[in-house]
Amino acid sequence: MHLLDPKNDFVFKRLFADAPTLLAALINAVRSTEPPVTVLEVLNPRIAPEELSGKYIVLDLLAQDEQSRRYNIEMQVRRYRAWSARSAYYLARTLSQQLDGGDDYEQLKPVIGIHLLDFELFSALEQQGQAIWCFELRDRTQPALKLGDELQLNLIELPKADRLGAGNPALAAWVAFLEHWQEERRMEQIDYPPVQQALQRIRDLSADEETRRLAFVRERALRDERSELRAAREEGIEVGMASLVERQLTRRFGPLGEEHRQRLQHATPDQLALWAERLLEARTLEAVFQMQ
């Protein structure tokens, strides 16, 4: 049986929303240096139908532990342009939503983000040896001094973590599960019980026809979103290139007529590249636009 991909955020949410003990195990693996979470309640277990086909939506999990600390857990398969701004905004929003007008700030409980990334966020050469990150409010010159526990964002770059074998044994087992869930022999080698339980839940979800249908609906929406973003980027590149060639031609030959501007606006990337090359040596504007 073909198993559903746990990195599909619909499948990921179904996997953990009805199994809070597994979600607690994941949190404890990520935050292994902190006291373990023992009781966890998922605050948003349901998935609305419009969320499956909605664009630019991440199906996150919001949970609360026995000390009322809140956790925002996300599986992210695409990198937004304003990724850090978006992540910081939703984390801060989860903090601020705890209070109503007139409430005491002392009632605020820490908010902890755990974002599992199916891409490399930090790709600089000096960042290639690290895949697990924890961001907090700390002083720049004395990083050992933390302002408070109100906000924390944990990031796991899954492909890099898998390549490096990063993390404690429990976290490494979760990374292997998320990256290699279809590899039976690889999964048999993992003796960490929560991951084996998660694998069985994936098998059960994959055997359910309605779950498979909804997972396909979600994957189709994500694929359409990626296609639209790619087309928008390509269109933006073409528009930018046309504007650049127009500026270069104007500087070389003077203001362009409407006919030449229209040709630039409707040109293909190959045509624009050819004209940009020709204008370096062409003596007249018509020589640039002459037929190939």
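Would you say Leu199 is under 18 Å from Val11 (Cβ atoms) and in contact with a Pro (Cβ under 6 Å, 6 or more places away or on another chain)?
The answer is no for Leu199.
Only residues that are surrounded by 12 or more Cβ atoms within 10 Å (Cβ to Cβ) and modelled with pLDDT under 90: list them for segment 32-50, please.
Within segment 32-50, Leu40, Ile47 meet the criteria.
For segment 112-168, what are the residues that are under 19 Å from Leu62 (Cβ atoms) and polar (S, T, N, Q)?
Gln152, Asn154
Using beta carbons and a limit of 6 Å, which pairs, at least six apart or on different chains, have the first residue in segment 118-130 and under 16 Å from Met75 (Cβ atoms) and the second one modelled with pLDDT under 90 and loosely packed, with under 14 Cβ neighbours inside 10 Å?
Note: pairs meeting the criteria are Phe119/Arg79.
Could you pull out every one of the helices (runs of 4 or more DSSP H) wholly within segment 140-213 that has 2 or more residues that are in contact with a His (Cβ under 9 Å, 6 or more places away or on another chain)?
The qualifying helices (runs of 4 or more DSSP H) are 184-188.
Which of the numbered conditions does Gln67 fail, given that it passes all the others? Conditions: (1) at pLDDT 90 or above; (2) within 13 Å of the chain's Cα centre (by Cα); (3) not aliphatic (A, V, I, L, M).
Here Gln67 meets the rest and fails (2).
Restricting attention to segment 9-31, which residues are small (Gly, Ala, Ser) and crowded, with 23+ Cβ neighbours inside 10 Å?
Answer for segment 9-31, where residues must be small (Gly, Ala, Ser) and crowded, with 23+ Cβ neighbours inside 10 Å: Ala25, Ala29.
Could you list, in sequence order, all residues of segment 95-126 that are within 18 Å of the chain's Cα centre (by Cα) and outside any loop (DSSP other than H, G, I, E, B)?
Correct list: Ile112, Gly113, Ile114, His115, Leu116, Leu117.
The values are calculated or read from the model by the stated rules, or taken from the named source; none is laboratory data. Quick caveat, the model's predicted, so the values are computed rather than measured. Please note: Cβ atoms are built from the backbone with ideal geometry, for glycine as well, and neighbour counts cover all protein chains shown.
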